[in-house]
Amino acid sequence: MNRLESSATVRAAVTVGSAVVAVAAVMADVGAPAQPILVLWFVLVCPGAAFVGLVRLPSPGFAFALSVATSCALAAVVAQVMLFAGVWSPLGGLVVLAELTIVAAVAGLAVDLRASRLTAAPGRGERR
């Protein structure tokens, strides 16, 4: 497993794991201080990290900043869509964000694995 595959796997595991833990903490009504910390970590970082994992960025700092900005934007869009549809629910919004995060994380993992296979596979007229 090369560095690209390992970072993609770690990113996917952290984002999917955080999604599951945040939803479970809210559904189990864990309470303070664990529940707010878990939910804030998930909502502010993980959805964006899953989507940012779909593109290659020049630096980890830039990727983290873009992850936070993308997470905030996704949370706002999900909340506004729920409000406009008349189905506002904090738990429902968290579940929708978790679903988006899981789909994006799996897609990012598939893209990174495919890219690493294409760069590692000799052929197509190239000599290695």
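The values are calculated or read from the model by the stated rules, or taken from the named source; none is laboratory data. Quick caveat, the model's predicted, so the values are computed rather than measured. FYI the Cβ positions are ideal-geometry reconstructions off the backbone, even for glycines, and counts take in every protein chain you see.
Looking only at region 101-128, residues that are modelled with pLDDT of 80 or more and in contact with a Pro (Cβ under 6 Å, 6 or more places away or on another chain) come to 1 in all.
Which condition breaks for Gln80 when tested against (1) polar (S, T, N, Q); (2) modelled with pLDDT under 95; (3) more than 19 Å from Ala12 (Cβ to Cβ)? Among (1) polar (S, T, N, Q); (2) modelled with pLDDT under 95; (3) more than 19 Å from Ala12 (Cβ to Cβ), Gln80 violates only (2). Listed by position, the helices (runs of 4 or more DSSP H) contained in region 1-97 that have at least 2 residues being of a type in the set (S, T, N, Q) and crowded, with 19+ Cβ neighbours inside 10 Å are 3-27, 60-85. When region 32-42 is limited to residues that are within 18 Å of the chain's Cα centre (by Cα) and without any contact (Cβ under 8 Å) to a residue 12 or more places away in the chain, the one that is nearest to Val16 (Cα to Cα) turns out to be Leu40.
Cβ separations smaller than 6 Å between residues 6+ apart or across chains give no pair from region 18-31 residues that are under 11 Å from Leu94 (Cβ atoms) and free of Cβ contacts under 8 Å to residues at least 12 places away in the same chain to residues that are of a type outside the set (Asp, Glu) and assigned to a helix (DSSP H, G or I).
Can we say Val78 is closer than 23 Å to Gly17 by Cβ, in contact (Cβ under 8 Å) with a residue 12 or more places away in the chain and out of contact with any Ser or Thr (no Cβ under 6 Å at 6 or more places or on another chain)? Before you say what the answer is, go through the steps one by one.
Values: closer than 23 Å to Gly17 by Cβ: yes; in contact (Cβ under 8 Å) with a residue 12 or more places away in the chain: yes; out of contact with any Ser or Thr (no Cβ under 6 Å at 6 or more places or on another chain): yes.
In short, yes.
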